[in-house]
Amino acid sequence: MPHRLDGKVALITGGTSGIGEATVELFVAEGAKVLFTGRNEAKGAEMEKALGANARFFRADVRNEQEVKASIDECVARFGRIDCLFNNAGGRTGGAADSITQADFDDAMNLLLGSVLFGIRYAAPYMQAQGGGSIINNASVAAYRSHMGGYLYSIAKAGVVHAGHIAGVALGKHGIRVNAISPGAIATPIFLGGSDIAAGMDAEKVDQKMAKLEGNLAKATPLLRSGFPIDIATAALFLASDESRHITCQDIIVDGGMTAGGRTNFEEEAPEKQRAPAQR
């Protein structure tokens, strides 16, 4: 039985932890050749060894335009084409409405929005030359609701959603689809301070903190379960595959119903059955 991404090449940013790592693993399992980027070279090497020749790591900081370009050029040089770009890299950002600094603004916009804009800019010519492709941008439910993310984070993610609309309209004539995924309460190391901090903890402590996090996030959804990186990876798989060939300029919200009516009473315990094997 053919895999859903047989013959396709994908570039996934922020690929060494959380949603990115789960997506790299899933895409490779579904037949794709994947170049994944990040700053954690040790983790990148570990993943290459585990996943084999169809997964290659390229160190890049998406806050730097030239490193974004270099990663896309490397993907095409190594694998001959780029069928899918998943602009996934992100992280926590600082800056409150009444105390924002220029540094806060620059960091948030470069990391969360600039990385997406430059990814689209440099991937589009390659995709146009080969007759099309799929660009997927990792947005957030914070783009829609004021209490679901920080000030600058929410603004940047709203920009990511709208950038997809505009780019999708402009690039559609070239067969390039541009869509977003907006995750809700997804249990990833970002909530522990980031993957680098989590990597410095012993495994038992990470598991304890993640279990507590999963329980707390579950209370924010009508489904009473936390989301996991694999939930976003499977949405990305659909958008990268030919199954979504008539879908563009959309944002797929994967939040367990949180934006429609998320719970706000975090004192009430979530049921034990909500826990599932975490993929992080």
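Among the residues of segment 23-56, those that are buried (at least 24 other Cβ atoms within 10 Å of the Cβ), of a type in the set (A, V, I, L, M, F, W, C) and either in contact with a helix residue (DSSP H, G or I) (Cβ under 6 Å, 6 or more places away or on another chain) or within 14 Å of TYR122 (Cβ to Cβ) (or both) comprise VAL34, LEU35, PHE36. Quick check on segment 126-135. Is at least one of its residues surrounded by 19 or more Cβ atoms within 10 Å (Cβ to Cβ), hydroxyl-bearing (Ser, Thr, Tyr), farther than 19 Å from PHE238 by Cα and in contact (Cβ under 8 Å) with a residue 60 or more places away in the chain? No, the conditions are met nowhere in segment 126-135. Of the residues screened, VAL62 is one that is modelled with pLDDT of 95 or more and either assigned to a loop (DSSP other than H, G, I, E, B) or among the basic types (Lys, Arg) (or both). Under the condition of being touching a residue at least 12 places away in the same chain (Cβ under 8 Å) and either over 30 Å from LEU85 (Cα atoms) or in contact with a helix residue (DSSP H, G or I) (Cβ under 7 Å, 6 or more places away or on another chain) (or both), the residues counted in segment 204-226 number 15.
For segment 77-116, the set of residues classified as in contact with a helix residue (DSSP H, G or I) (Cβ under 7 Å, 6 or more places away or on another chain), surrounded by 18 or more Cβ atoms within 10 Å (Cβ to Cβ) and among the aliphatic types (A, V, I, L, M) consists of ILE82, LEU85, ALA89, ALA108, MET109, LEU112, LEU113, VAL116, listed by residue number.
What's the number of the condition GLY95 fails, among (1) farther than 28 Å from GLY184 by Cβ; (2) not in a helix (DSSP H, G or I); (3) not β-branched (Val, Ile, Thr)? Status for GLY95: all satisfied but (1). Segment 174-244 holds helices (runs of 4 or more DSSP H) entirely within its bounds, and those carrying 2 or more residues that are in contact with a Pro (Cβ under 6 Å, 6 or more places away or on another chain) and at pLDDT below 95 map to 195-199.
The values are calculated or read from the model by the stated rules, or taken from the named source; none is laboratory data. These numbers come from a predicted model, not from an experiment. Reconstructed Cβ throughout: ideal geometry from the backbone, glycine too, with neighbour counts over all protein chains shown.
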